[in-house]
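Notes for the one structure printed next.
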Amino acid sequence: MRRQLKSLFKRNKSWADRMLAADPEFFSSLVEQQKPEYLWIGCADSRVSANQIIDLKPGEVFVHRNIANVVVHTDLNCLSVIQYAVEVLEVKHIIVCGHYGCGGIKAAFNGNELGLIDNWLRHIKDVYRTHHVEIDALETETEKLDLLCEKNVIEQVANVCHTTIVQRAWRANKDLTIHGLIYSMQDGLLKKLDAEVSETRQLNKTHTLS
Ligand code: CO
């Protein structure tokens, strides 16, 4: 096992050496605490690594990733990340970032049977069901998939906003904005979607705490 990972240990050592050469305090300054301003909720896809895309160093972004960047109200993992980020780290921004060409979105759209993951992809099917008229009106499969990727981000932004964690933060007048972004692997660029929320007033009444 160790032997198979040999190249990774080698890369790790040379990375640590490079970081230290550039800044001798780099690791010691991070050991004490982290104070990131951003929580990134993105896809687990190996091509969409958060720190690399937004060019941030360790300590600057708190990250949660899963297949197709889904925020589910019964997912203790994701909810715990959001709670810790908002209440302990006090991040100012939660970014939900999807990406075009997402395998999870494609699998949900095409309905291929893949096993356990089909249950996870159900959530994407729900997004499609909500927006199918608009999506089906498009001509090519690529256009349809691209729009479903965008709609998924917008739905997940809403899910973040609807958590009691975010609502409590807004009620306490915390400075917290939820953003929806999408990444293109074609050119490496991020695009802002029409999904920026920074207060309870922007939400539908059924989804707000009284
Ligand atoms: Co993906």
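Descriptive notes on the structure:
- Of all residues in the range 108-119 being in a loop (DSSP other than H, G, I, E, B) and within 16 Å of the ligand (Cβ to nearest atom), the one that is modelled with the lowest pLDDT: Asn112
- Yes/no for Ile94 being of a type in the set (A, V, I, L, M, F, W, C), in a helix (DSSP H, G or I) and open to solvent by less than 70 Å² (accessible area, probe 1.4 Å): no
- Neighbours by Cβ (under 8 Å, 6+ apart or cross-chain): first from the range 3-19, closer than 17 Å to Lys57 by Cα; second among the aromatic types (Phe, Trp, Tyr) and modelled with pLDDT under 95: Ala16/Phe27; Met19/Phe26; Met19/Phe27
- Considering residues of the range 87-107 that are touching a strand residue (DSSP E or B) at 6+ places or on another chain (Cβ under 8 Å) and not aliphatic (A, V, I, L, M) only, the residue farthest from the ligand (Cβ to nearest atom): Lys92
Every residue, every condition in (1) of a type in the set (Val, Ile, Thr); (2) at pLDDT 95 or above, yes or no:
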| residue | (1), (2) |
| --- | --- |
| Arg18 | no, yes |
| Asp23 | no, no |
| Leu76 | no, yes |
| Ile95 | yes, yes |
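- Of the criteria (1) closer than 21 Å to Glu196 by Cβ; (2) more than 16 Å from the ligand (Cβ to nearest atom); (3) not acidic (Asp, Glu), which one Gln83 fails: (1)
- Verdict on Pro36 being open to solvent by less than 40 Å² (accessible area, probe 1.4 Å), in a loop (DSSP other than H, G, I, E, B), free of Cβ contacts under 8 Å to residues at least 60 places away in the same chain and away from the ligand (no atom under 16 Å from the Cβ): yes
- Being open to solvent by 80 Å² or more (accessible area, probe 1.4 Å) and in a helix (DSSP H, G or I) holds for only one residue in Lys13, Lys57, and it is Lys13.
The values are calculated or read from the model by the stated rules, or taken from the named source; none is laboratory data. The structure displayed is predicted, hence computed values, not measured ones. All Cβ positions, glycine included, derive from the backbone under ideal geometry; neighbour counts span all protein chains shown. For accessibility, only protein heavy atoms count, side chains too; no ligands or nucleic acids. Shrake-Rupley method; radii C 1.70, N 1.55, O 1.52, S 1.80 Å.
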